[in-house]
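Have a look at the structure below, then the notes.
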Amino acid sequence: MSEQASLNLWTKQVRLEGYKVVSERRDTPSDPVRLTVAATCEVALCPHCSRPSDSVHRRIDSDPIRALPHGVQQVELVIRSAQFRCEHCECFFTPACPHVARGAHATERFLEQAARLIRFAAVANAAAFLGVPEKTLSRWYYDYVQRQLDKPPSEAAKPIRSLGIDELSRKKSTGSS
C-alpha cells in the first residue's frame, strides 16, 4: 500500500470532518500510532471582526491527543493548526478544532465512548481498558457530562399531531362496552 493510500485510509478511520491525515508515525510496535492531522480549509473567520482571512502567519502542532483505538492499537492525534493574521483588524488568531474536547487531551468521540463504558462499568475499568490514568479519565468524564448538560436541546419540542393506538388495548375495549 502506498503512503498516500495509507494516509487516506487513516483519514477515513479517524472521521474528523474538515481534517485530513498528513503524516503517520510509529516508533515501536508497542507505541501508539501518532497521526498528524491538518484542516482541509485554509480560510477562517476572525473572531474580532468576523471577516474571512486566508493569511497564514505560522503553523502550530498540538500536544498528542487521545483518539479512539484502532483495534488494540492506541491512536494519538497531533493537530496541525494554522495561526491566521487578519488583514482588516491586524489581529492574530488560531481557530479551535471542534473535534477536540476543551480542557482534555482527547477527542469528543473518545470521550463519548469512554462515557458509554463508564455507564456500564466503573471508571477504573474503563480507564484500564482505554489505557488512560483513572483520575484523568474521571476528570474528563465529568467535564464531558457537564458539557452535554449545558448544550441547548438540538430540537425544540413540537406539538403532538397524532396519537398512536395500542392494538391490544383497542381489541380489549371493543367487546366490553
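When all protein chains stay in place and ligands, DNA and RNA are ignored, the 1.4 Å accessible-area order of T40, T136, T28, largest first, is T40, T28, T136.
For the chain, the solvent-accessible area with a 1.4 angstrom probe is 70 square angstrom per residue. The angle between the Cα long axis of helix 167-176 and the main principal axis of the chain comes to about 10°, on a 0 to 90 degree scale.
Can you tell me how much longer the chain between Q146 and E3 gets when fully stretched, taken as 0.36 nm per residue apart minus their C-alpha distance, in nm with one decimal? It would help to have the intermediate numbers written out before the result.
On the way: separation 143, 0.36 × 143 = 51.48 nm, distance 4.04 nm.
In short, 47.4 nm is gained.
Surface calculation, 1.4 Å probe, protein heavy atoms: Y141 sits at approximately 40 Å² accessible. Between R139 and H57, the FRET efficiency from the beta-carbon distance, with R0 = 30 Å, is close to 0.35.
Would you tally the net charge around T40, using a Cβ to Cβ cut-off of less than 12 Å, leaving T40 out, and scoring K and R as +1, D and E as -1?
Values: positive: K20, R80; negative: E17, E42.
Result for the neighbourhood of T40: 0.
Among the trypsin sites (Lys or Arg not before Pro) within the range 60-128, those in coil by DSSP and having at most 11 neighbouring Cβ atoms inside 10 Å are R102.
For the range 1-72, state which GluC sites (Glu not before Pro) are in a DSSP loop and have at most 13 other beta carbons lying within 10 Å of their beta carbon. Could the numbers behind the result be given before it?
Details: sites: E3, E17, E24, E42; in loops: E17, E42.
For GluC sites (Glu not before Pro) across the range 1-72 that sit outside H, G, I, E and B with at most 13 neighbouring Cβ atoms in 10 Å, the list reads E17, E42.
Taking 0.36 nm per residue of separation and subtracting the Cα-Cα distance, full extension of the segment from V22 to R109 would add 29.3 nm.
Assign one of three labels to the range 59-142, namely rounded, prolate or oblate, based on the Cα gyration tensor with a ≥ b ≥ c the square roots of its eigenvalues; rounded applies when a/c is under 1.5, prolate when it is not and a/b is larger than b/c, and oblate otherwise.
Details: a/c = 3.42, a/b = 2.41, b/c = 1.42.
The shape class here is prolate.
V43 exposes around 80 Å² of accessible area when a 1.4 Å probe is run over every protein chain in place.
Each Cα pair under 8 Å and six or more residues apart adds its sequence gap; the mean of these over the residue count of the range 1-150 is a relative contact order of 16 percent.
Taking only DSSP H segments of four or more residues, each worth -39500 (n - 2.57), what value at 222 nm results for the chain once the sum is divided by all its residues, to the nearest 500 deg cm²/dmol?
Details: 5 runs with 60 residues, N = 177.
About -10500 deg cm²/dmol.
Please name which of A126, T94, A67 has its Cα lying farthest along the dipole of the chain towards the positive end, using unit charges on Cβ (Lys, Arg +1; Asp, Glu -1) and the Cα centre as origin. With unit charges placed on the Cβ atoms, the residue in question is A126.
Beta bridges per DSSP, both residues in the chain: antiparallel share near 75 percent.
Compute, for the chain, the length of the dipole vector about the Cα centre, with Cβ point charges of +1 (Lys, Arg) and -1 (Asp, Glu) only. Units Debye, rounded to 20.
Details: 25 positive and 20 negative charges, 139 e Å.
It works out to roughly 660 debye.
Loop-only trypsin sites (Lys or Arg not before Pro) in the range 1-64, please: DSSP not H, G, I, E or B, and at most 15 other Cβ atoms within 10 Å. Numbers along the way, then the final one.
Working: sites: K12, R15, K20, R25, R26, R34, R58, R59; in loops: R15, R26.
The qualifying sites are R15, R26.
Using heavy atoms of the protein chains and a probe of 1.4 Å, the accessible area assigned to H48 is about 120 Å².
The values are calculated or read from the model by the stated rules, or taken from the named source; none is laboratory data. It should be emphasised that the depicted structure is a prediction, and the values quoted were computed from it without experimental measurement. Because the Cβ atoms are built from the backbone with ideal geometry, glycine has one as well, and the counts that use them run over all protein chains shown. Just the protein is used for accessible areas: all its heavy atoms, side chains included, with ligands, DNA and RNA removed. Shrake-Rupley method; radii C 1.70, N 1.55, O 1.52, S 1.80 Å.
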